[in-house]
Amino acid sequence: MKKIKYIFMSMIAVTVIAIVGIIILDGQQLDCSNDVVALNRITIEASKNLEHLEDMNLQPDIGAFAIYDIDGDLIYSHGYNAKTMIEAMKDASAMQNIILDHTLLGTVVLAPTYEKTIYNYRTKISIILCCVLIVMWGMAITFAYYINRLIIRPFEEMKEFAKEIAIGNLEMDLKMDKKNIFGIFTESFDIMRTELKNAREKAEKTEKSKMELIASISHDIKTPITSILVVCEFLSVIIKDEDQLAKIVSISSKAEQINLMTADLLNSQLEELGELKVTMASVLSSDISTMFIVADTQNKILNCKLEHCIVKADKVRMQQVINNIIDNSYKYADTSIWVDSKIVGNRLLIRIKDMGNGVPEEEIHKIKEKYYRAKGTENKHGSGLGLYIVNDLMNKMEGSVTFRNVEDGFIVKLELELA
């Protein structure tokens with residue numbers, strides 16, 4: 001492209017120079033005043049001495065000329081040897097008839113001067129330059145048309161096609177034209193697009209099948225775990241032996257851990273499949289207080305005071321959010337928990353605080369990420385999905401969740417919009 005630009009720039013420069021030259025050449029007019037004076041003198045002398053032209057009284061610097069009779073034949077030559085008047089008229093500097101008593105006797109023709117010759121050459125050069133410019137620009141325009149059609153336009157189409165492919169648009173078709181030099185590459189590019197599209201569709205189907213399988217397995221696991229929890233609850237009522245009762249409690253605790261991890265995994269896959277839906281409704285703050293009580297299976301919440309109001313939320317998803325936050329506190333802090341709230345503008349702010357060590361400041365912004373687990377939690381059960389799901393559900397309920405370390409513990413703050 002740059003070379004073509006340079007060629008056209010050079011052609012424009014040559015054209016400008018040529019036009020300026022033509023203007024200068026055409027602007028120089030031929031001075032014929034001396035020719036007219038000389039021609040008049042010769043004509044006068046010729047009319048006086050028509051019978052004896054050799055006796056004409058001429059100045060030494062009169063220049064070359066010839067005299068022709070009325071038939072155009074040469075009758076006198078002074079340094080100019082054109083045999084006929086027709087031949088002399090082709091490049092004569094000037095000519096004048098010899099008239100005596102109103103009778104045409106002949107014609108005086110001045111030979112072309114140096115200036116006249118130069119003038120004629122200038123005219124010819126101007127014509128040649130104009131012709132050369134017309135031919136040059138005609139060829140250039142024709143060349144540019146074919147270059148644009150065969151190279152530039154196909155290249156621009158391929159560039160645009162590659163750009164669309166890069167951003168993931170595999171539905172765009174590339175026009176096939178084997179006449180241009182990129183014909184074979186065009187066909188190869190379109191084959192590549194088709195293969196990429198097929199590969200992406202295959203990968204998407206595989207990924208969806210994998211997520212559906214995980215969701216299905218997670219759901220199937222919850223059924224036997226629920227049965228185990230029910231049996232443990234029944235046995236804890238009828239068995240009185242302390243050792244056996246402790247083992248049943250341990251089994252129940254582990255089953256509950258598996259249940260929570262399976263629920264997180266299931267919710268994560270449902271979210272990726274677009275099936276983790278939220279149905280917004282008006283929820284009383286007293287109902288949210290009840291959710292904290294339900295989630296607090298270890299009775300670690302010492303205080304739970306929420307302002308009386310109505311918020312926009314999904315009851316089922318809100319219970320999931322609170323369950324995950326309280327379970328996280330159990331795992332990583334294992335201290336008492338305080339819950340309070342306040343209304344700011346049109347939002348209810350719920351603050352959940354424990355007395356744990358919190359999360360390192362350099363990692364606190366990562367705990368919302370999927371599968372992320374902070375340093376020092378390797379020996380704790382968990383999948384790294386709990387707070388990711390909390391964040392996703394709060395966003396879907398038009399709220400938010402934030403985390404903050406304080407001097408005496410760790411705070412999770414939930415924000416919900418008032419109804």
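All of the numbers you see were taken from the coordinates with simple rules; none came from a lab. Because the structure is a prediction, the values reported are computed rather than measured. With ideal geometry, Cβ positions are generated from the backbone for all residues, glycine too; neighbour counts draw on all protein chains shown.
In this structure, Ile251 and Lys315 have a Cβ-Cβ separation that, at R0 = 30 Å, corresponds to a calculated FRET efficiency of about 0.50. For Asp55, neighbours were defined as the other residues whose beta-carbon sits under 14 Å from its Cβ, and their charges (Lys and Arg +1, Asp and Glu -1) total -2. Using θ = phi - 60° in the Karplus curve 6.51 cos²θ - 1.76 cosθ + 1.60, the 3J(HN,Hα) couplings for the stretch 70-80 round to 5, 8, x, 8, 6, 10, 7, 10, 10, x, 9 Hz; x is entered for Gly and Pro.
Taking label positions 7 Å along the Cα-Cβ direction at both Leu302 and Lys396, the computed distance is 3.5 nm, reported to one decimal. Tell me the relative contact order for the stretch 319-419 as a rounded percent, counting alpha carbon contacts under 8 Å between residues six or more apart. Computed over the stretch 319-419, the figure is 32 percent. Cross-link pairs exceeding 22 Å between alpha carbons, from the set Lys300/Lys396; Lys247/Lys331; Lys305/Lys353; Lys205/Lys396: Lys300/Lys396; Lys205/Lys396.
Sorting the segments 325-337, 142-154 by their residues' average number of neighbouring beta-carbon atoms within 10 angstrom, most packed first, yields 325-337, 142-154.
Near the amide H of Lys368, within less than 5 Å, lie no amide hydrogens of residues on another chain or at least 5 residues away, with H placed in the peptide plane.
Only Cα pairs under 8 Å and 6+ residues apart enter the sum, and on that basis the relative contact order of the stretch 37-153 stands at 21 percent. The overall shape of the stretch 277-346 is oblate: from the C-alpha gyration tensor, with semi-axes ordered a ≥ b ≥ c, the ratio a/c is 1.5 or greater and a/b is no larger than b/c.
Modelled this way, with points 7 Å down the Cα-to-C-beta line, the labels at Ile19 and Ala140 are 1.1 nm from one another.
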